[in-house]
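The block underneath contains the structure these notes are about, expressed in structure tokens.
The values are calculated or read from the model by the stated rules, or taken from the named source; none is laboratory data. Since this is a predicted model, take the numbers as computed values, not measurements. Positions of Cβ are generated from backbone atoms using ideal geometry, with glycine treated the same way; all protein chains shown enter the neighbour counts.
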Amino acid sequence: MSLNSIIAQVTEEIIKRSEGPRRDYLDTMERQAEAGVRRAHLTCGNQAHAYAAMGEDKGALVDERAPNIGIVTAYNDMLSAHQPFATYPELIKATARTAGATAQVAGGVPAMCDGVTQGQTGMELSLFSRDVIALSASVALSHNTFDAALFLGVCDKIVPGLVMAAAAFGHIPSIFLPAGPMPSGLPNDEKAKVRQQFAKGEIGRKELMAAEMASYHGPGTCTFYGTANSNQMLMEFMGLHLPGSSFVPPNTPLRDALTAAGTKRALEITASGNDFRPAARVLDAKAFVNGIVGLMATGGSTNLVLHLPAMARAAGIILDISDFAKISAAVPLMAKVYPNGLADVNHFHAAGGLSYMIGQLLDAGLLHDDSETVMGTGLSAYAADPHLGEDGLTWHPAPATSQNDKILRPASDPFQPTGGLAALDGNLGRGMIKVSAVAPERQTITAPVRVFHDQESVKTAFKNGEFTSDTIVVVRFQGPKANGMPELHGLTPTLSVLQDRGLKVALVTDGRMSGASGKVPAAIHLAPEAAQGGPIAKLQDGDIVTLDATTGTLTVLTEGFDARTPVTADLSANTTGMGRNLFETFRQSVTPATEGAVSIF
């Protein structure tokens, strides 16, 4: 199948737009690669420090003839998704040793859990943690003793930050090793119902806690299709995972076999091997387009609209939110996974998962099959599932049909003809909306606004019974410059209750929702943000606004709106406590959300 014309056009637009920075980036990576294996350039003193604690591997390291892998790990045992990484370094080292090579833990990176910090002050550090992770991983690899890197990370800001670091060290190969999802627990729709009951005061905290613990109950990634699992999808579509590895459960023989295989593959694609594949070549425009296609086809996280431009910019590629909108118009929504369906990622994987989807999208001409991956040239290698049998680890072709068409459908018969996200533009600025979980009749709303400066004020107004008619709730001064752009996911139960009462409601904000954005229409990432004097700072209670996801417009209809002076807010409280003072430089230097909300380049 020839490449879809829209996919081809968007790719060419990205390549042309990125010509200068991409050329500069590749020139830098080429100079670094030409210098050869870096250990050879270290002094004896440098090397002695690097090898002092390596025991039986010292000889191989000093000999300098075998490749050395740097492990960058986001392990901690507070994150269920990252707890399984505790055992990975020893398995990686043993596998490398068997191959006559070596591996070292180059360093760790911070890994916070948005599930813990939702609605808490710590959430104001969350987005900036992505940039801290990129910096931390770069420090880890700066010792210049590694021929390849293995990145251990799963969750929200962690994978994007690690990809940014992989791009910064694009002269060496990089492979990402996932941990896999936890077993299915309390169904996500039942959990959502309990949250709504708590929001309405029908149950107490004890019942809510029981439901939450039944949902999040073991090692592995949370099973709804939020940012963490969208990240795993992205790594496969971009060719940075081994095929079919995203949703294999942790602590299983197949999971261990894939970790060992990833280690062996990293050794094969170093400059010392016969198939040199540095990350700079994998992270090209085609890979990012393939990633956006996967995002649309799966109805994935709105957070990736922030992270993909940041990741791409690290590799000299300039993405615009218009790219997302154009690709969304060409790509069908093929999956129904919570919050835009009842299934979780384990059900999705059993129905055929990413391998089935990639095969379908390739057949439909919606993916670049000639993109370079860690497995070789051609994304078709990812239309296969891993199997562990008597012959060891092998890959078999993906199933030709969906194993459950209520969860996963072919590209020729999708759940809807377009993707899960849409761009918004108008006299309120530019932003995004996730529509995959929003009923068609709710994708357009014209209503008066209620303006708030924090999400707790919205909840208070709800408890006071102040929402009695169709309303667009505006929560502003939530952008990256104002307070680090925390997720406003805590508003989902409140707004869902209002919608269930028969009201038409929507959210408009310069903040974020999350990968769990649900059935209430939410115009998010609005830029310019209120703290920059953006149009959202001109809104007043009662202004009439139209949000139309079908046409991609977000418009204030009130006469004289454009002539108003933006309001300001006292944001001084956002700069102290819980480490927020340490992030003032980030808030001051951060780019707009439409450019990835990046603070380090």
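May I ask you to list pairs of residues, at least six apart or on different chains, whose Cβ atoms are under 9 Å apart, with the first in region 11-28 being over 24 Å from Ala330 (Cβ atoms) and the second being charged (D, E, K, R)?
Note: pairs meeting the criteria are Pro21/Arg313; Leu26/Arg281.
Looking at region 459-481 only, could you name the residues that are buried (at least 23 other Cβ atoms within 10 Å of the Cβ) and aliphatic (A, V, I, L, M)?
Those that are buried (at least 23 other Cβ atoms within 10 Å of the Cβ) and aliphatic (A, V, I, L, M): Ile472, Val473, Val474, Val475.
From Ala530, Ala522, which residue is under 28 Å from the mean Cα position of the chain (by Cα), modelled with pLDDT of 95 or more and hydrophobic (A, V, I, L, M, F, W, C)? Outline the logic, then answer.
On the way: Ala522 fails: modelled with pLDDT of 95 or more.
Testing whether each residue is under 28 Å from the mean Cα position of the chain (by Cα), modelled with pLDDT of 95 or more and hydrophobic (A, V, I, L, M, F, W, C) leaves just Ala530.
Is there any pair linking a residue in region 538-551 that is closer than 18 Å to Ala522 by Cβ and in contact (Cβ under 8 Å) with a residue 40 or more places away in the chain to one that is assigned to a loop (DSSP other than H, G, I, E, B) and not hydroxyl-bearing (Ser, Thr, Tyr), with Cβ under 6 Å and at least six apart or on different chains, and which?
Listed pairs, sorted by first residue: Ala549/Val435; Ala549/Gln443; Thr550/Gln443.
In region 334-345, what residues are touching a strand residue (DSSP E or B) at 6+ places or on another chain (Cβ under 6 Å) and modelled with pLDDT under 95?
Val337, Ala343, Val345
Taking the residues in region 407-439 that are assigned to a loop (DSSP other than H, G, I, E, B) and among the small types (Gly, Ala, Ser) as candidates, determine which candidate is farthest from Ala297 (Cα to Cα).
Ala439
Given the structure, is Asp131 in contact with a strand residue (DSSP E or B) (Cβ under 9 Å, 6 or more places away or on another chain) and of a type in the set (D, E, K, R)? Show your work before the answer.
On the way: in contact with a strand residue (DSSP E or B) (Cβ under 9 Å, 6 or more places away or on another chain): no; of a type in the set (D, E, K, R): yes.
Answer is no for this residue.
How many residues does region 124-166 hold that are hydrophobic (A, V, I, L, M, F, W, C) and surrounded by fewer than 24 Cβ atoms within 10 Å (Cβ to Cβ)? Walk me through how you get there before you give the answer.
Let us first name the residues in region 124-166 that are hydrophobic (A, V, I, L, M, F, W, C), namely 125, 127-128, 132-135, 137, 139-141, 146, 148-152, 154-155, 158-159, 162-166.
From the residues that got through so far, the ones that are surrounded by fewer than 24 Cβ atoms within 10 Å (Cβ to Cβ) too are 125, 132, 135, 139-141.
Adding up the residues that qualify gives 6.
If I ask for residues that are assigned to a helix (DSSP H, G or I) and touching a Ser or Thr at 6+ places or on another chain (Cβ under 6 Å), which ones from region 444-458 would you list?
Hits for region 444-458: nothing passes.
Quick one: Ala400 ticks every box in (1) assigned to a loop (DSSP other than H, G, I, E, B); (2) crowded, with 17+ Cβ neighbours inside 10 Å; (3) aliphatic (A, V, I, L, M) bar one, so which box is it?
The number of the failed condition is (2).
When you scan region 91-110, do you find a residue that is in contact (Cβ under 8 Å) with a residue 24 or more places away in the chain, assigned to a helix (DSSP H, G or I) and not assigned by TED's automatic domain parsing to the domain that holds His241, even just one?
Applying the first criterion (in contact (Cβ under 8 Å) with a residue 24 or more places away in the chain) to region 91-110 yields 91-93, 95-97, 99-110.
From what is left, the residues that are assigned to a helix (DSSP H, G or I) are 91-93, 95-97.
Subsequent filtering for residues that are not assigned by TED's automatic domain parsing to the domain that holds His241 retains none.
The answer is no, given that none of the residues of region 91-110 is in contact (Cβ under 8 Å) with a residue 24 or more places away in the chain, assigned to a helix (DSSP H, G or I) and not assigned by TED's automatic domain parsing to the domain that holds His241.
Got a number for residues in region 1-20 being among the basic types (Lys, Arg) and either part of a loop (DSSP other than H, G, I, E, B) or surrounded by 15 or more Cβ atoms within 10 Å (Cβ to Cβ) (or both)?
Total satisfying the criteria: 1.
A quick yes/no check of all residues on (1) surrounded by fewer than 20 Cβ atoms within 10 Å (Cβ to Cβ); (2) outside the structural domain of Leu557 (by TED's automatic domain parsing):
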position: Gln416; (1), (2): yes, yes
position: Asp425; (1), (2): yes, no
position: Arg430; (1), (2): no, no
position: Glu441; (1), (2): yes, no
position: Val449; (1), (2): no, no
position: Phe452; (1), (2): no, no
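Can you report the number of residues in region 80-124 which are more than 30 Å from Glu268 (Cα to Cα) and polar (S, T, N, Q)?
Residues in region 80-124 being more than 30 Å from Glu268 (Cα to Cα) and polar (S, T, N, Q): 5 in total.
In region 195-211, is there at least one residue being surrounded by 20 or more Cβ atoms within 10 Å (Cβ to Cβ) and under 18 Å from Tyr75 (Cβ atoms)?
No, that holds for no residue.
Just need a number here: residues in region 549-561 that are under 29 Å from Gly484 (Cβ atoms) and more than 32 Å from the chain's Cα centre (by Cα).
Qualifying residue count, region 549-561: 1.
Of all residues being touching a Lys or Arg at 6+ places or on another chain (Cβ under 7 Å) and of a type in the set (A, V, I, L, M) in region 311-367, which is surrounded by the fewest Cβ atoms within 10 Å (Cβ to Cβ)? Just the residue, please.
Ile318
From Leu495, Leu503, Leu507, grab the single residue that is farther than 26 Å from Ala297 by Cβ, crowded, with 24+ Cβ neighbours inside 10 Å and touching a strand residue (DSSP E or B) at 6+ places or on another chain (Cβ under 9 Å). Lay out the reasoning, then the answer.
On the way: Leu503 fails: crowded, with 24+ Cβ neighbours inside 10 Å; Leu507 fails: farther than 26 Å from Ala297 by Cβ.
Only one candidate passes the filter, namely Leu495.
Within region 178-192, is even one residue in a helix (DSSP H, G or I) and of a type in the set (Asp, Glu)?
yes
Condition check ((1) aliphatic (A, V, I, L, M); (2) out of contact with any Phe, Trp or Tyr (no Cβ under 9 Å at 6 or more places or on another chain); (3) touching a residue at least 40 places away in the same chain (Cβ under 8 Å)) across all residues:
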| residue | (1), (2), (3) |
| --- | --- |
| Gly262 | no, no, yes |
| Glu268 | no, yes, no |
| Gly273 | no, yes, yes |
| Ala287 | yes, no, yes |
| Ile292 | yes, no, no |
| Asn303 | no, yes, yes |
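With the checklist (1) more than 27 Å from Lys481 (Cα to Cα); (2) modelled with pLDDT of 95 or more; (3) among the hydrophobic types (A, V, I, L, M, F, W, C); (4) crowded, with 16+ Cβ neighbours inside 10 Å in hand, flag the one item Ala94 doesn't pass.
Against the list (1) more than 27 Å from Lys481 (Cα to Cα); (2) modelled with pLDDT of 95 or more; (3) among the hydrophobic types (A, V, I, L, M, F, W, C); (4) crowded, with 16+ Cβ neighbours inside 10 Å, Ala94 comes up short only on (4).
When residues of region 103-137 are filtered for being over 21 Å from the mean Cα position of the chain (by Cα) and modelled with pLDDT of 95 or more, how many remain?
Total satisfying the criteria: 5.
If you go through region 313-350, how many residues are of a type outside the set (Lys, Arg) and not in a loop (DSSP other than H, G, I, E, B)? Spell out how you get there, then give the answer.
Looking only at region 313-350, we keep the residues that are of a type outside the set (Lys, Arg), and these are 314-325, 327-335, 337-350.
In the following step, the residues that additionally are not in a loop (DSSP other than H, G, I, E, B) were identified as 314, 321-325, 327-330, 333, 335, 337, 343, 345-350.
Residues that pass the stated criteria total 20.
Whether any residue in region 168-186 is at pLDDT 95 or above and surrounded by fewer than 24 Cβ atoms within 10 Å (Cβ to Cβ) is what I want to check.
yes
Which condition number does Leu393 fail, the rest of (1) surrounded by fewer than 20 Cβ atoms within 10 Å (Cβ to Cβ); (2) outside the structural domain of Asn290 (by TED's automatic domain parsing); (3) at pLDDT 95 or above being met?
Checking Leu393 against (1) surrounded by fewer than 20 Cβ atoms within 10 Å (Cβ to Cβ); (2) outside the structural domain of Asn290 (by TED's automatic domain parsing); (3) at pLDDT 95 or above, the one that fails is (2).
It is to be established whether one or more residues within region 154-167 are on the phi > 0 side of the Ramachandran plot and either at pLDDT below 95 or assigned to a loop (DSSP other than H, G, I, E, B) (or both). Break it down into steps so the answer makes sense when it comes.
Filtering region 154-167 down to residues on the phi > 0 side of the Ramachandran plot leaves none.
There is no residue in region 154-167 that is on the phi > 0 side of the Ramachandran plot and either at pLDDT below 95 or assigned to a loop (DSSP other than H, G, I, E, B) (or both).
For region 168-191, does any single residue satisfy the condition of being acidic (Asp, Glu) and under 25 Å from Glu595 (Cα atoms)?
Going residue by residue through region 168-191, those that are acidic (Asp, Glu) are 189-190.
Add one more test, that the residue is under 25 Å from Glu595 (Cα atoms), and what stays is none.
Checked region 168-191: no residue is acidic (Asp, Glu) and under 25 Å from Glu595 (Cα atoms).
Run down Lys191, Lys206 and say which single residue is modelled with pLDDT under 80 and not assigned by TED's automatic domain parsing to the domain that holds Lys519.
Lys191
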